[in-house]
Amino acid sequence: MFVSLIFLLTAFKGTSSYAEPSLPIVTAQGIYSIEVYPLKYRLVVLMQGQKIKEYPVAVGNPSTPTPVGEYQVVYKGKDWGTAFGPRWLGLNVPWGYYGIHGTNKSYSIGQHLSHGCIRMLNSDVIELFDIIPVGTKVTIYGHVLGDPNRNPRDLAEGDVGGDVQLIQSRLKSAGYFVGVCNGKFRSDTTLALKKFQRDRHLVQNGVVTNKVYEEFGLFE
């Protein structure tokens, strides 16, 4: 099983020996905020802490999960293309382009079928777009390593996400990784991981498997 989420988020922040934040934590500001619950496929709009709207959504699948953490709406756009519906609210996720948007696949709502973004029905996202200003805090709830009822996903070069950032932080605190913990699995992360695997007598393939999670104390 996973270690507790509280422990993960605490350990993830690390010490002053590396300054990169684990997640772009946002201070509460403005009268509106958004909460997303991927396991329930729900998006909730709050005004001064009180729920005023709730919408069904689609979220990322296990291989491309919706990023857990606290973010901000940093961009609002219209008509990015039929796949994104009529409106887009972009989030400041550090390892890629993620947002809340509409869809031309309404059947996906209520399922884990996106590539990490939060999909809404087109009529709903138009309504949300008109309510929410740039700068609004968005909290996405969940576990950094995904659904606690499933094994965490294997990670390899090319992957991105909070789980990648967590592994980078662990490699860095152990003295193997000297790069920026940015959630992007690139060649420097692969090299550090292979050194870690060598020293732990694991297969040196540069892939984060359950064995690697276990060595880091993240999975039992």
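The values are calculated or read from the model by the stated rules, or taken from the named source; none is laboratory data. If you're wondering where the values come from, they're calculated on a predicted model, not measured in any experiment. Neighbour counts are summed over all protein chains in view; Cβ atoms, including those assigned to glycine, are modelled from backbone coordinates with ideal geometry. Side chains included, ligands, DNA and RNA excluded: accessible areas come from the protein's heavy atoms. Shrake-Rupley method; radii C 1.70, N 1.55, O 1.52, S 1.80 Å.
Odds and ends about this structure:
- Top-ranked residue in region 178-197 [being among the β-branched types (Val, Ile, Thr) and surrounded by fewer than 20 Cβ atoms within 10 Å (Cβ to Cβ); ranked as nearest to Leu166 (Cα to Cα)]: Val180
- Residue check for Gly142: in a loop (DSSP other than H, G, I, E, B), within 20 Å of the chain's Cα centre (by Cα) and surrounded by 15 or more Cβ atoms within 10 Å (Cβ to Cβ): yes
- The listed residue being open to solvent by 20 Å² or more (accessible area, probe 1.4 Å), in contact with a strand residue (DSSP E or B) (Cβ under 7 Å, 6 or more places away or on another chain) and within 24 Å of Leu166 (Cβ to Cβ), out of Gln111, Gln72: Gln72
- Taking (1) over 18 Å from Thr66 (Cβ atoms); (2) touching a Pro at 6+ places or on another chain (Cβ under 8 Å) in turn, Val207 satisfies each apart from (2).
- Put simply, of Arg150, Arg200 the only residue that is open to solvent by 10 Å² or more (accessible area, probe 1.4 Å) and under 26 Å from Tyr97 (Cα atoms) is Arg150.
- Reported count of residues in region 114-139, each being within 12 Å of Pro38 (Cβ to Cβ) and either surrounded by fewer than 21 Cβ atoms within 10 Å (Cβ to Cβ) or among the hydroxyl-bearing types (Ser, Thr, Tyr) (or both), is 3.
- Extreme residue, nearest to the chain's Cα centre (by Cα), among residues of region 43-67 that are among the hydrophobic types (A, V, I, L, M, F, W, C) and crowded, with 22+ Cβ neighbours inside 10 Å: Val59
- Checklist (1) at pLDDT below 95; (2) farther than 17 Å from Lys137 by Cβ; (3) open to solvent by 40 Å² or more (accessible area, probe 1.4 Å) applied to Lys40, failing item: (1)
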